[in-house]
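Student: The structure's right below; bear with me while I get my questions together.
The values are calculated or read from the model by the stated rules, or taken from the named source; none is laboratory data. Note that the structure is a prediction, hence the values are computed from the model and not measured. Note that we place each Cβ from the backbone using ideal geometry, even for glycine, and neighbour counts take in every protein chain shown. Remember, those area values only see protein heavy atoms, side chains included, never the ligands or the DNA or RNA. Shrake-Rupley method; radii C 1.70, N 1.55, O 1.52, S 1.80 Å.
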Amino acid sequence: MEYRQLGRSGLKVPVLSFGTGTFGGAGEFFNRWGSTDVAEATRLVDLCLEAGVNFFDTADVYSRGASEEILGQAVKGRRDKVLISTKATFTMGDGPNDVGSSRYHLIRACEASLKRLGTDHIDLYFMHGFDATTPVDETLRALDDLITAGKIGYIGASNFSGWHLMKALATSEKYGLARYVAYQGYYSLVGREYEWELMPLGLDQGVGLMVWSPLGWGRLTGKIRRGQPAQAGRIASGGAAGGPKVDDEYLYTVVDALDVVAAETGKTIPQVALNWLLARPGVANLVIGARNEEQLKQNLGAVGWSLTPDQVARLEQASQKDPIYPYWHQKDFNHRNPKPTTW
């Protein structure tokens, strides 16, 4: 397993982490993702550790805390062998302070996550979204205090826009507070908007990327193809709700290209899609998910090999979209405002 430095920090992480959104299955939304219980979760953790994947990602809102509880039980007795990231900010109760990134909510959310996980520390703690009603310095001071107390190791941001992240980084620098070392964001061959602003920002500021939904919310599993009815899977069972919208023709064009490259490499469509992401600038880690052992083993096959430059070029041509303003305008001045990569 390859390990990479996580942003501007001293922490090394495997290029794959295991996302536990499938643990618990509480509620209609998360039940579509999966309903992994403690026994199966323990087996999946076993397989991950055997493959060198010692990083596990969860969030307090996943199945209303059940994901954290199941993960905690699955790693019990081997906490020192794993890295855990979790998240806070989204609604976890009926009260007016049971949501957001205020000091009040974050201190209580962190304590609750520690209890559910059965641990005394969280390795990487993400703000799950940007809270515009709380002063940025209040959020960062609360997180800095949690780091000083030894309850969290590093902090990250998820689903922020570019200016949200840059404002937070500037605030950290101004007041000498802990800074976000990681950004967890959506990025896939059918969702490349991350490249327009967040990628160059991350490269410039030393913020490593952890990719969530690297298979395009389940669209790049090989189960959705041109001219064929949708097979079993999250999308076929109505699981597109809550995820990014993808035009059918665009999706089919990308899958057609993946099909050709998969045949050339002897790999599966998901393995090719994940491998492409691992070569992108600034990517530190892909958060892979799996409902069962078969899916996990297939996703683990995304590492240890490389696509050829020609294969990369064909995938990028099939998935390229014209950017929105001001990014299309900036392309005309790219000799002074270069892209972060030469694709």
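Student: Looking only at Gly176, Gly25, Gly216, which one moves most when the chain is put into a Gaussian network model with springs between Cα atoms under 10 Å?
Tutor: Gly176
Student: Let me ask something additional. Given Leu169, Asn159, Pro200, which one lies farthest toward the positive end of the charge dipole of the range 153-203, if we put +1 on the Cβ of every Lys and Arg and -1 on the Cβ of every Asp and Glu?
Tutor: Leu169
Student: Please work out the C-alpha center-to-center distance from the range 126-185 to the range 17-90 and express it in whole Å.
Tutor: The distance from the Cα centre of the range 126-185 to that of the range 17-90 comes to 24 Å.
Student: Which order, highest average first, do 132-142, 243-253 follow once you tally other Cβ atoms within 10 Å for each residue and take the mean per peptide?
Tutor: Values: 132-142: 17.0, 243-253: 13.6.
Result, highest mean Cβ count within 10 Å first: 132-142, 243-253.
Student: How high is the relative contact order of the chain, in percent, counting Cα pairs under 8 Å that sit 6 or more residues apart? The partial results should precede the final answer.
Tutor: On the way: 608 pairs, mean separation 58.3, N = 343.
With pairs under 8 Å counted, the relative contact order is 17 percent.
Student: Here's something else I'd like to know. If the viscosity is 1.306 mPa s and the temperature 10 °C, what translational diffusion coefficient in µm²/s does Stokes-Einstein give for the chain when Rh comes from Kirkwood over Cα pairs? Let's see the in-between values first.
Tutor: Details: Rh = 20.6 Å.
The Stokes-Einstein estimate is 77 µm²/s.
Student: Which of the trypsin sites (Lys or Arg not before Pro) found in the range 166-232 are loop residues per DSSP with 13 or fewer other Cβ atoms within 10 Å of their Cβ? Kindly include the intermediate steps, with their values, before the conclusion.
Tutor: Values: sites: Lys167, Lys174, Arg179, Arg192, Arg219, Lys223, Arg225, Arg226; in loops: Arg179, Arg192, Arg219, Lys223, Arg225, Arg226.
Sparse-neighbourhood loop trypsin sites (Lys or Arg not before Pro): Arg226.
Student: For Thr91, Thr20, give the ranking by accessible area with the largest first, probe 1.4 Å.
Tutor: Working: Thr91 75, Thr20 0 Å².
Largest accessible area first, the list is Thr91, Thr20.
Student: Next question. Sort the range 105-218 into rounded, prolate or oblate with this rule: let a ≥ b ≥ c be the square roots of the eigenvalues of the Cα gyration tensor; rounded if a/c is under 1.5, and if a/c is not under 1.5, prolate when a/b is larger than b/c, oblate otherwise.
Tutor: Details: a/c = 2.08, a/b = 1.33, b/c = 1.56.
Oblate, since a/c reaches 1.5 and b/c is not below a/b.
Student: I would also like to ask the following. Under the classification rounded if a/c is under 1.5, otherwise prolate if a/b is larger than b/c and oblate if not, where does the range 136-183 fall, given a ≥ b ≥ c as square roots of the Cα gyration tensor eigenvalues?
Tutor: Numbers: a/c = 2.23, a/b = 1.43, b/c = 1.56.
Cα axes put the range 136-183 in the oblate bin.
Student: Counting alpha carbon pairs within less than 8 Å and at least 6 residues apart, what relative contact order, in whole percent, applies to the range 123-232? The partial results should precede the final answer.
Tutor: Values: 141 pairs, mean separation 24.6, N = 110.
Relative contact order of the range 123-232: 22 percent.
Student: On a 30 Å Cα-Cα criterion, which of the cross-link pairs Lys267/Lys331; Lys12/Lys115; Lys87/Lys167; Lys167/Lys321; Lys245/Lys339; Lys87/Lys267 come out too long?
Tutor: Lys267/Lys331; Lys87/Lys267
Student: In whole percent, and with a 1.4 Å probe on the protein chains, what portion of the accessible area of the chain is carbon and sulfur? Please list the in-between numbers first.
Tutor: Numbers: 7690 of 15110 Å².
Result for the chain: 51 percent of the exposed heavy-atom area is carbon or sulfur.
Student: Net charge near Val261, counting Lys/Arg +1 and Asp/Glu -1 over other residues with Cβ under 12 Å of its Cβ? Display every interim value, and only then the final one.
Tutor: On the way: positive: Lys267, Arg314; negative: Asp256, Asp259, Glu264, Asp310, Glu316.
Summing Lys/Arg as +1 and Asp/Glu as -1 gives -3.
Student: Related question: How high is the FRET efficiency between Ile147 and Glu316 when r is their beta carbon distance and R₀ equals 51 Å, given to the nearest 0.05? Present the calculation step by step, with values, prior to reporting the outcome.
Tutor: Values: r = 39 Å, r/R0 = 0.76.
For Ile147 and Glu316, the calculated efficiency is 0.85.
Student: Check which residues have an amide H placed less than 5 Å from Ile152's amide H, if you skip close sequence neighbours.
Tutor: Ile122, Ile147
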